[in-house]
């Protein structure tokens, strides 16, 4: 008599939560500083100073109805204009406020897009490894998730596999670059080729195939030569799902947007469907005070230098110790090959060394663990002997 | 190729928005002070002073990861404990933090509950007049909305009609008291009788019938003898959907909760389904800073005296002018009988007197207009001659 799918989604013991609970218990036994928890993707760098200053200045200088009242469903017009201006400045685009629909973060953006596009029989493609909630969002919308394996050595797109996977039922492709969990970025040549493939397939099947980019990690790249292409410049039917969770270190505030460019087929109708889906899903408007903060702070980015330092420290040490890991261009994860076939068994064994690593089978790439390095550099430094000892244990 | 239901939900010209746009245009022509806009339910009283003080104190004294980081999906444990304590103090209940699931406001609460409960063939009952989004939430979940007419003179429950409407497919009943748009409160004897009917029907059909209360207006009652019964004390299978939108005048912050009491049938399973539905719908957690504010400010209520003053002024004047209107015990709306059969035509004619009134056909009770009195008392005072002239115009 209750929705069984929802019960299961709510009951499933999350590996990440299990690790978190274990970590808390273990910390009580041996001290927090001796447990190396790499399980959570909660940014540990502070928001830019301007963010909290702006919160306070807004509160001190505005009426409550402005601060805390409803904005229009699609979001405050000034906030959307400020975001459009910022995108245009950075990417040479020409978006307007009316191309943007403010949301309660990237998960909401994705779910709303999927619901807006859905018609029965739909298939939605994504590349492995992928954020496990994609499966939840796609399947509970009614569509089928098709996970296309990437090159196993680089996690870059395998275009033959992609072409095989696209058929007349393909409605959309979700791309997440920089990627959670691998940190891989799809460079310009990949995005250009991807656009070409999608255009050919659109022509062949006679309908739009939407490229949905999930880009909460867009700004989290650490090398000058790494550029994250802005997909709308390469492909007409592209929708951008963005969140300020990582760029402004405020994941709890639930603030992001959906971008529906004018160039998208039936752009106005699709924007209406986005608004309708937001309404149907119970999203009245995005949080108002956070919207006003974004208006003032758009374009700022948290100090990401600690992530880069952490990445280099951990990547260099782990590869030296014999671990296999694609060099991550961005995000704040290392995706490391398990030292035995069963990643869960490997994660369990890592616990003996006080290392909490997420076995990543649900990311569609069995045999790997995810290491979130959005932690203190000190934690990484102190954990290195444990990583070394874990690798040694497998050589015996 | 796009979800046609969502397109329609997004495209439908909202009467409220039409009125709002008209009002803006008209204000530019004749001055804002000469247009009497009663269309919007945006609270105009400020939040309690403590709310903004708490925002600032929290920001000044806490780490960003506490302020803006993810909370757990069901909400911050301290916030949930504070809310449970407050409910127990006010209503003599014995809820725990684990009975609460924090949400992005009442719309999210309702949608999540409906999704958690849904199985194919479901019918969900509500009483007329009802907030039009109920239809959207129920129908897009897959269930059928059954609108049960109330007593046409009092908008109180017609128990014969209710009994006729309940059948083996009835999964839930949504109750909204104080009611948007009528302001009517269901008193203790009604809720007790309602509980008895539902218990009999549960017995008869052999399954739970959930009573979902949507109560963003709970605290907005203006007379000492008006008590809004706490439904969980009268009926076992009751779920409470709450929002701080009106009690703390912060509708834009999107913060509320779902209460799943231990007494509910399969309480733990249902709580899991709520968590699963929140996850499936893209709600990662409720906004974090707002959660922390609620922890500190729970139990406070905005100064509602202006609403009472407005209600009395407007109700007394309108009934004196010959309008028919149920005396509203709570919320901040008057639900006034149209002076001609077609409420839309009446609303159009009211515009000639610079009065913006929402024709309420979509509330399931044709022939009425909704007047939101969450405006300045001055606006009400200045509008009275226009209301009188409108009534006179119909007498000619």
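Laboratory data are not the source of any read-out in this text; all were calculated from the coordinates shown. Bear in mind the structure is a predicted one, so any value in this text is a computation, not a measurement. We place every Cβ from the backbone using ideal geometry, glycine too, and count neighbours over all the protein chains shown.
Note the angle between two axes, namely the Cα long axis of helix A:188-205 and the longest principal axis of the Cα atoms of chain A, as a number of degrees from 0 to 90, rounded to the nearest 10. Helix A:188-205 sits roughly 50 degrees off the main axis of chain A.
Computed from the Cβ-Cβ distance with R0 of 41 Å, the FRET efficiency linking residue A:77 to residue A:327 stands at 0.45.
Centroid-to-centroid, using Cα positions, the range B:245-317 and the range A:276-294 are 16 Å apart. Between the range B:120-168 and the range A:122-156, how far is it from one alpha carbon centroid to the other, in angstrom? Their Cα centres are 39 Å away from one another.
Rounded, prolate or oblate for the range B:131-273? Axes are the square roots of the Cα gyration tensor eigenvalues, ordered a ≥ b ≥ c, and the cut-off for rounded is a/c under 1.5. Taking the square roots of the gyration eigenvalues as a ≥ b ≥ c, the range B:131-273 is rounded.
Principal-axis analysis of the Cα atoms of chain B puts helix B:288-297 at an angle of about 80° to the longest axis. Note on residue A:193/residue A:224: beta-carbon distance plugged into 1/(1 + (r/R0)^6) with R0 of 25 Å gives a FRET efficiency of 0.60. The mean number of Cβ atoms from other chains found within 10 Å of a Cβ in peptide B:96-107 is 2, as a whole number.
Where a ≥ b ≥ c are the square roots of the eigenvalues of the C-alpha gyration tensor, would you call the protein assembly as shown rounded, which needs a/c under 1.5, or, failing that, prolate if a/b is larger than b/c, or oblate? Judged from the Cα gyration tensor, the protein assembly as shown comes out prolate (a/c at least 1.5, a/b above b/c). Zone of residue B:207 (label point 7 Å along Cα→Cβ, backbone N under 18 Å): which residues in the range B:116-136? Only B:116-126 pass the distance filter. With respect to chain B, whose longest principal axis is taken over its alpha-carbon atoms, helix B:267-280 is tilted by about 60°. Taking every DSSP bridge with both residues inside the range A:49-297, close to 30 percent are antiparallel.
Averaged over the residues of peptide B:61-67, the number of Cβ atoms from other protein chains lying within 10 Å of each residue's Cβ is 5. Here the range A:34-57 is scanned for amide nitrogen atoms under 18 Å from the site 7 Å beyond the Cα of residue B:62 along Cα-to-Cβ, giving A:42-49, A:51-57.
Modelled spin-label separation between residue B:342 and residue A:384, with each label point placed 7 Å from Cα along the Cα-to-Cβ direction: 8.0 nm. Is the shape of the range A:45-169 best called rounded, prolate or oblate, per the rule: a/c under 1.5 gives rounded, else a/b larger than b/c gives prolate, else oblate, with a ≥ b ≥ c the square roots of the Cα gyration tensor eigenvalues? Prolate, because a/c is 1.5 or more and a/b exceeds b/c. Packing, taken as the mean count of other beta carbons within 10 Å per residue, orders the peptides B:260-269, B:74-83, A:365-374 from highest to lowest as A:365-374, B:74-83, B:260-269.
Multiplying the residue separation of residue B:351 and residue B:153 by 0.36 nm and subtracting their alpha-carbon distance yields 68.6 nm.
Ordering A:143-149, A:325-331 by mean Cβ neighbour count within 10 Å, with the highest value first, yields A:325-331, A:143-149.
Take the Cα of residue A:267, step 7 Å toward its Cβ, do the same at residue A:312, and the gap between the two points is 4.2 nm. On full extension, the segment bounded by residue A:163 and residue A:93 gains 22.3 nm, given 0.36 nm per residue less the C-alpha separation. Computed on the range A:49-297, the Cα convex hull volume stands at 121 Å³ per residue. Taking other C-beta atoms within 10 angstrom as a stand-in for reagent exposure, A:16, B:255, B:56 fall in the order B:56, A:16, B:255, fewest first. For the segment B:68-76, counting C-beta atoms of other chains within 10 Å of every residue's C-beta and taking the mean gives 5. Highest mean packing comes first when the peptides A:333-344, B:89-100, A:176-187 are listed by Cβ atoms within 10 Å, giving A:176-187, A:333-344, B:89-100. A simple spin-label model places pseudo-atoms 7 Å from Cα toward Cβ; at residue B:49 and residue B:33 they are separated by 2.9 nm. If R0 is taken as 56 Å, the Cβ-Cβ distance between residue A:233 and residue A:12 corresponds to a FRET efficiency of 0.90.
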